[in-house]
Amino acid sequence: MAKLPQNKLLATGLAGTFIAALCCFTPVLVVLLGAVGLSAVVANLDFVLLPALVFFMGITIYAFVKRKQGPCVASSQRDLK
C-alpha cells in the first residue's frame, strides 16, 4: 500500500512528460488549435510547454529517486535498536 503514491507520482510524471514532449516536438497541438480556430495562441505555446516539460521531467526524476530509496530511514533505524 505504501508504493501506491510513488507509483502514482511516477505515472503522472511520465504521462505529463510524454504529452508535453509530444506537443513540443511535433505539430500536433498546432494542427489542433488551427482546426478549432485558435491559431493565434500558437505564438505563445513555447512559454507554456517548455516549462511544463521541465516540470514533469522533474516530477519523473523525483519519483525515480524516491522509488530507488525504498523505505524511509527512520523506520530502518528503529528496527536496528
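The values are calculated or read from the model by the stated rules, or taken from the named source; none is laboratory data. No experiment lies behind these values; they were computed from the predicted model shown. Backbone-built Cβ (ideal geometry, glycine too); neighbour counts: all protein chains shown.
Pairs meeting the criteria (first residue in the range 17-28 and free of Cβ contacts under 8 Å to residues at least 60 places away in the same chain and closer than 17 Å to residue 59 by Cα, second residue among the small types (Gly, Ala, Ser) and in a helix (DSSP H, G or I), beta carbons under 6 Å, at least 6 apart or on different chains) are 20/52. Contact map, the range 50-62: first residue within 12 Å of residue 19 (Cβ to Cβ) and modelled with pLDDT of 90 or more, second residue not in a helix (DSSP H, G or I) and not hydrophobic (A, V, I, L, M, F, W, C), Cβ cut-off under 7 Å, separation 6 or more or different chains; the map is empty. The number of residues in the range 34-45 being closer than 22 Å to residue 18 by Cα and at pLDDT below 85 comes to 5. Mind listing whichever residues of the range 1-29 are among the hydrophobic types (A, V, I, L, M, F, W, C) and modelled with pLDDT under 85? Once the filter is applied, which keeps residues that are among the hydrophobic types (A, V, I, L, M, F, W, C) and modelled with pLDDT under 85, the range 1-29 yields 1, 2, 4, 22, 23, 24, 25, 28, 29. Among the residues of the range 39-58, those identified as surrounded by fewer than 11 Cβ atoms within 10 Å (Cβ to Cβ) and not acidic (Asp, Glu) are 40, 43, 44, 47.
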